[in-house]
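The values are calculated or read from the model by the stated rules, or taken from the named source; none is laboratory data. Since the structure is predicted, the reported quantities are computational estimates derived from the model, not experimental observations. With ideal geometry, Cβ positions are generated from the backbone for all residues, glycine too; neighbour counts draw on all protein chains shown.
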Amino acid sequence: MSTLREQMLADLQLKGLTPKTQKIYLREVSNYAKYFNKSPEQLGEKELREYLLYLLNERKLAKGTYRFYYQGLKFLYKHTLKREEVVEKFRCPQGKKKLPVVLDLAEVKTLLSVMENLKHRAILTITYSAGLRISETACLKVSDIDSKRMMVRVQQGKGGKDRYSILSQTALECLRQYWRAYRPKEWLFEGQKEGTHICISSIRQIFLEAKERAGITKPASPHTLRHSFATHLIEAGTSLHHVQLLLGHRSPTTTTVYLHVSRMNLAQVTSPLDSIPEEF
């Protein structure tokens, strides 16, 4: 490992970035160096401009992917090389902000009921009922289900943080049926290989099959279950703060997006047209 790579890795760790983010940033800096066949220490504003245009115009990266790569190079110049002036002239294009797709309660009920496979039903049930990311569902352990306190422990969620979410009685009954049938040992949802947990791609496929069986035509993904969980809680009167804690959001700003899709909040608003007297 080169001295520069070691230094950047140390900076990434000290800033508290996740191992996954560290890996992506380091890999992109390596690609940047290989593109010019030079150490990044020898590259400046001109080279960075050329490389960013290459990512956009030749590799045609999606905006989300491009932002990730850009942030890695920005971190290099700002924190490791202490040459922030190199990147300050460049701005990362912002993607269009879209409201999340949300299933209504009837759609969620149909989605969960069409699954004949008990394991598949348990996976989707706990994902929705606890508002989990599918990566969190995949990594659940049997010991994470606390039936006494009716809570689900989420270990090392996004940002490397542990948290607790709620365990519904319906989900607990589903999990108990599943446990009696499958007897998982360590991982709640075991993978095909012994001693491994189910992979994210398998959960994604399970959701898509359930969506098709349920006849849901919305552009929904497994993450839609998490969006739906948060929206339904807000519609039921749960405070934004509690929803934030359950989802594991660092900032309440991230959670406020669900206010925009909550029918409860829209239903409380009356158009000014309806306030005009008929005789006016």
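Among the residues in the stretch 190-201, are any surrounded by fewer than 17 Cβ atoms within 10 Å (Cβ to Cβ), over 17 Å from the mean Cα position of the chain (by Cα) and among the hydroxyl-bearing types (Ser, Thr, Tyr)?
Yes, that holds for at least one residue.
Are there any helices (runs of 4 or more DSSP H) wholly within the stretch 1-98 with 2 or more residues that are basic (Lys, Arg) and over 30 Å from THR253 (Cα atoms), and if so which?
Of the helices (runs of 4 or more DSSP H) lying wholly inside the stretch 1-98, those with at least 2 residues that are basic (Lys, Arg) and over 30 Å from THR253 (Cα atoms) span 19-36, 45-53.
Tell me, which residue of the stretch 93-107 that is touching a helix residue (DSSP H, G or I) at 6+ places or on another chain (Cβ under 6 Å) and hydrophobic (A, V, I, L, M, F, W, C) is modelled with the lowest pLDDT?
Taking the candidates together, the pick is LEU99.
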